[in-house]
Amino acid sequence: MMDRQGLSRTAAAHAQREARKLVEDLDGVTAAVIATIDGFNVASAVIGDADPVRVAAMASSIVAIASVVSEEARLGRHKSVIVQTESGFAVFCSVPRRDVELVINVLARDTAVLALVAYRAAQLAKTLTDA
């Protein structure tokens, strides 16, 4: 059975478990939001006051820009975007599934290790592509 975002309930439950695990496993990560490419929240785990619905919508815009840049520069299909700020960073990874394209959004404080967060987000993207 499919939910309103076009993702099976099993896949949505898997996404929810994985989002929670990512936030629990990585120090400094404050949110993991998995959304559809058009900005609808599918699964999320948040520590603090981040709004998963707003994070999902934000990811849609970021990934759209990344897609245009990668196409115009003839660099192939985009995979991820990292936005660094003075107090942390955000990692956005594309998840190209057959049923619905997803975006992983990970928000982290500057105490988190960027390389580790980017790696885990990419691994999650691979897991969700195949799920």
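The values are calculated or read from the model by the stated rules, or taken from the named source; none is laboratory data. No experiment lies behind these values; they were computed from the predicted model shown. Here Cβ is always computed from backbone atoms with ideal geometry, including for glycine, and neighbour counts include all displayed protein chains. Remember, those area values only see protein heavy atoms, side chains included, never the ligands or the DNA or RNA. Shrake-Rupley method; radii C 1.70, N 1.55, O 1.52, S 1.80 Å.
Identify the single condition in (1) touching a strand residue (DSSP E or B) at 6+ places or on another chain (Cβ under 6 Å); (2) at pLDDT below 95 that PRO96 does not satisfy, given that it satisfies every other one.
So the condition that PRO96 fails would be (1).
Looking at ALA45, ALA59, ALA35 in this structure, which one is open to solvent by less than 50 Å² (accessible area, probe 1.4 Å), in contact with a helix residue (DSSP H, G or I) (Cβ under 9 Å, 6 or more places away or on another chain) and either within 11 Å of LEU102 (Cβ to Cβ) or of a type in the set (Lys, Arg) (or both)?
ALA35
Test VAL53 against the stated conditions and say whether it is open to solvent by 10 Å² or more (accessible area, probe 1.4 Å), more than 19 Å from ILE82 (Cβ to Cβ) and assigned to a strand (DSSP E or B). Before you say what the answer is, go through the steps one by one.
Numbers: open to solvent by 10 Å² or more (accessible area, probe 1.4 Å): yes; more than 19 Å from ILE82 (Cβ to Cβ): yes; assigned to a strand (DSSP E or B): no.
For VAL53, the condition - open to solvent by 10 Å² or more (accessible area, probe 1.4 Å), more than 19 Å from ILE82 (Cβ to Cβ) and assigned to a strand (DSSP E or B) - is not met.
Would you call VAL23 touching a residue at least 40 places away in the same chain (Cβ under 8 Å), open to solvent by less than 70 Å² (accessible area, probe 1.4 Å) and not aromatic (Phe, Trp, Tyr)? Before the answer, list the steps.
Values: touching a residue at least 40 places away in the same chain (Cβ under 8 Å): no; open to solvent by less than 70 Å² (accessible area, probe 1.4 Å): yes; not aromatic (Phe, Trp, Tyr): yes.
Taking the combined requirement at face value, the residue does not satisfy it.
Go through segment 62-84 and report how many residues are among the aliphatic types (A, V, I, L, M), open to solvent by 40 Å² or more (accessible area, probe 1.4 Å) and farther than 18 Å from ALA32 by Cβ.
6
Step by step: first the residues of segment 6-32, then only those that are within 24 Å of ARG98 (Cα to Cα) and part of a loop (DSSP other than H, G, I, E, B), then the one that is modelled with the lowest pLDDT. Which residue is that?
Among those that are within 24 Å of ARG98 (Cα to Cα) and part of a loop (DSSP other than H, G, I, E, B), it is GLY6.
How about segment 98-131: which of its residues are in contact with a Gly (Cβ under 9 Å, 6 or more places away or on another chain) and assigned to a loop (DSSP other than H, G, I, E, B)?
Across segment 98-131, the qualifying residues are ASP99, VAL100, ASP110, THR111, ALA112, VAL113.
What about SER61, is it closer than 22 Å to LEU114 by Cα, among the hydroxyl-bearing types (Ser, Thr, Tyr) and in a strand (DSSP E or B)?
Against the criterion (closer than 22 Å to LEU114 by Cα, among the hydroxyl-bearing types (Ser, Thr, Tyr) and in a strand (DSSP E or B)), SER61 does not qualify.
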